[in-house]
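Comments concern the structure below.
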Amino acid sequence: MGKHMCKYLLSLIVLCYALFTTPAQANTCDDFTNVTMRKLHSEESVNFCEFKDKPLLIVNTASNCGFTGQFEELEALHQKYKDKGLVVIGFPSDDFFQEENDEADIADVCYVNYGVTFTMLSTSEVRGDDANPIFKHLNAQTSSPKWNFYKYLVSADRKTVQRFNSRTKPLSANLTQAIENSL
């Protein structure tokens, strides 16, 4: 088969894929991230399959916690590594009784007070039987968060989960080294 024929066939395959594959099919995945959740204070949802083949930094957050200031460093991580593939996702939770009751108030803390631009989701539980599906998996792989601002670094292939506790600052050497190793 000639060089031009190979290019033609490859172009035809790409065109057929584009024409006959729906966006939903393009974003499918066969792991624990095949979940759709609503974004914080929004009607929009996000399916975690959108982040296929990218490492995830998943954090359970709270607006009225002594660690709430970590939003600044989480945003700095997001800005530093987003173009290299890291996806930072915040999960507000009232599991430790330090989250606002109103999502508008949570959004103000995140977006106004701390300038968060990474994905923040609607309030959900992160431990126990009622934990959201993402945290059910993370908890089974490691253990449930013991407090707010536990950080879970999930490898791009979804096979490895590293857990960092609340006291681990987002820009700490051990977390940033783990992130760099995952990219």
Restricting to the chain, what percent of DSSP beta bridges are antiparallel, rounded to 5?
-> 60 percent
Using every Cα-Cα pair within the chain, state what percent have a distance larger than 26 Å.
-> 34 percent
Accessible surface of the chain, 1.4 Å probe, proportion on carbon and sulfur as whole % | 50 percent
Percent RCO, i.e. relative contact order, over the chain, from Cα pairs under 8 Å lying at least 6 residues apart | 24 percent
Hey, can you list the DSSP H helices of the chain whose Cα span along the axis is 18 Å or longer and whose average Kyte-Doolittle score is at least 0.5?
-> 3-20
Convex hull over the alpha-carbon atoms of segment 31-127: what's its volume per residue in Å³?
-> 94 Å³
Given LYS84/LYS146; LYS82/LYS136; LYS136/LYS159; LYS146/LYS169; LYS52/LYS82, the pairs whose alpha carbons are separated by over 20 Å | LYS84/LYS146; LYS82/LYS136
Relative contact order for segment 113-183 using alpha-carbon pairs under 8 Å, separation at least 6, rounded to a whole percent?
-> 19 percent
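The values are calculated or read from the model by the stated rules, or taken from the named source; none is laboratory data. Values in this document were obtained by computation on a predicted structure and should not be read as measured data. Side chains are part of the model used for accessible areas, which takes the heavy atoms of the whole protein and leaves out ligands, DNA and RNA. Shrake-Rupley method; radii C 1.70, N 1.55, O 1.52, S 1.80 Å.
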